[in-house]
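Remarks on the structure that follows.
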Amino acid sequence: MKIGNREFAENNHTYIMGILNVTPDSFSDGGKFNHLDQALTHVGEMIRDGADVVDIGGESTRPWGYTKISDEEEIARVGPVIEAVKREFDIPVSIDTYKSGVARAAAEAGADLINDIWGLKYDEKMAGVIAEKQLACCLMHNREKAEYRNFMEEMKQDLRETIALAKAAGIAQDKMILDPGVGFAKSYENNLESILRLTEVKELGYPVLLGTSRKSVIGLTLDLPAAERVEGTLVTTVFAVQAGCMFVRVHDVRENARAVKMTEAILRA
């Protein structure tokens, strides 16, 4: 799979997507990287620590307690950062948005991948923008309510619907990544099952990204605040590597890159 100017192998290695939130209210690091110089310093640190892609977000997308902002405000937050990162560093850039207008502006600023937490189902124009710009995309499982009769089967069916939307819009098969959406429209038990049964998501035929970094499923299990969930995140990263996930999306790049390296060494032994 090609993301930006870089080729990513789809088997035998798990890559690191480092998180850069340029928001005042993200659940874990809101307000830390709002200024351009702080954002660029953090990107440089993540690259040195082993990030393969940087995922930039301009609106908090946690399931509760965030403030929705306009396209214009989101673009004003992320556009200059994307341009600066592409100017200063040789690394693919992802934009974390579910809005087609923001995705288009981000693509024009230099973004290489659209990371859509609604799997093309929030904004009917999103799939068309991705296809038009010929970008890679990460399409996450999400729905309005966490109501299931057979959780895993319904989650996979929801993802099949997302795949169908992508194909209908002309998004190439080799441009798609799937994300089971841990933390979104899922109970605590659903979240654990999503991680345990990652191989079933991979069996849909696309690369898989796991995004669990510092999330509530870890906090609830360990009874810890967001800043103290690194060890719990590392366990989920090991599960991702064992399941053959292509990416893990994380805040703590260095620790997770080391966990990936160690896990892969054991699996190769």
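Using the Cβ-Cβ distance between residue 189 and residue 168 with R0 set to 25 Å, the FRET efficiency from 1/(1 + (r/R0)^6) comes to roughly 0.15. Size descriptors for the stretch 144-253, from the alpha-carbon set: Rg then Dmax equal 14.3, 44 Å.
For the chain, list the DSSP H helices whose alpha carbon atoms reach 15 Å or more along the long axis and whose average Kyte-Doolittle value is 1.0 or above? Sorted by number, the helices that extend far enough and score high enough are 230-243. The Kirkwood radius of the chain, taken over pairs of alpha-carbon atoms, gives through the Stokes-Einstein law at 10 °C and 1.306 mPa s a diffusion coefficient of 87 µm² s⁻¹. Ranked by the mean number of other Cβ atoms within 10 Å per residue, highest first, peptides 6-13, 154-161 order as 154-161, 6-13. Annotation for residue 199 and residue 220: the two label points, set 7 Å from Cα along the Cα-Cβ direction, are 2.6 nm apart. Only lysines eight or more places from residue 215 in sequence, or on another chain, were considered; those with a Cα closer than 21 Å are 32, 68, 145, 186. Each label point was placed 7 Å from the Cα along the Cα-to-Cβ direction; for residue 265 and residue 242 their separation is 1.9 nm.
Run through the DSSP bridge list for the chain and note the antiparallel percent, rounded to the nearest 5.
Beta bridges within the chain, antiparallel portion: roughly 5 percent.
Bear in mind that the values in this text are calculations on the coordinates, not laboratory data. Here the structure is a predicted model, which means the values were calculated and not measured. In this analysis, Cβ positions are derived from the backbone assuming ideal geometry, glycine residues included, and neighbour counts consider all displayed protein chains.
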